[in-house]
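Just below is one structure, and these are the notes that go with it.
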Amino acid sequence: MKNIRKCLILIPTYNDWIALNKLLKKIHDHVKSEKRIFEILIVNDASTTKINIKKTKFKKFKKIEVIDLIKNSGSQLAIAAGLNTIKKKREKLDIVILDSDGEDNPKKIMNLLNELRFSKNQIIVASRSKRRENIFLRFLNYIRLYFTYFLTGKMINFGNFSCLSSDQLKKISDKRELSLSYSGTVQKFLKLKKIPIEKQLRYHGNSKVS
């Protein structure tokens, strides 16, 4: 067991328990034959609905931990809080970050982890090869892309779905930018390797992001 690399999957969520349970099942189905050790860390961003996670269904996951934020602060601060929790564990592990709604394809988790094996000095991020939102939301996303490019000189065409090592986490965990923009922080301080991954449709309901 000493040579088996642990993977901790970080998932921020807000009032999205139906989608989250479906996501956990799909992750479990796709990794249950892997030799790796998998743990789940869910950051509950002060949801107003009761926590409902069916932990007993997922035998492959060594642990499912939930940390609760006192105030709803958005996914970026939730990710920063989760990464801070992981840093305190002081373990050598790989970290996968994805959203709870199903738009980040759980089938691609092993793709990211396998890429990381050969790119230890890089963070692996999912660049959006295709988006499935309506035309208006896609238009707003293009505005966001070019606005950030105008301000930073860099095209940040990726979101939260990514994979990094605990060694890379040490390089960004104390950056103040992390609580504002995870993607912007890793773009600024880490070497990236982009993997084109199509964005999926939500599993349930509407987006909780304003």
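A few points about this structure:
- For the listed residue pairs 32/171; 55/89; 35/71; 25/191; 35/87; 54/120, the alpha carbons are over 29 angstrom apart in 32/171; 35/71; 25/191; 54/120.
- Taking each of 57/107; 26/57; 6/88 in turn, the alpha-carbon distance never tops 22 angstrom.
- Diffusion coefficient (Stokes-Einstein, Kirkwood radius over C-alpha pairs, 37 °C, 0.692 mPa s) for the range 25-96: 241 µm²/s, rounded to a whole number.
- When the surface is traced with a 1.4 Å probe over the full set of protein chains, residue 177 keeps roughly 50 Å² accessible.
- Sulfur and carbon atoms: percent of accessible area, the range 1-128 [1.4 Å]: 48
- Surface accessible to a 1.4 Å probe, residue 88 within the full protein complex, Å²: 150
The values are calculated or read from the model by the stated rules, or taken from the named source; none is laboratory data. In this text the structure is predicted, and so the values were computed from the model without any measurement. Accessible surface areas use protein heavy atoms only, side chains included; no ligands, DNA or RNA. Shrake-Rupley method; radii C 1.70, N 1.55, O 1.52, S 1.80 Å.
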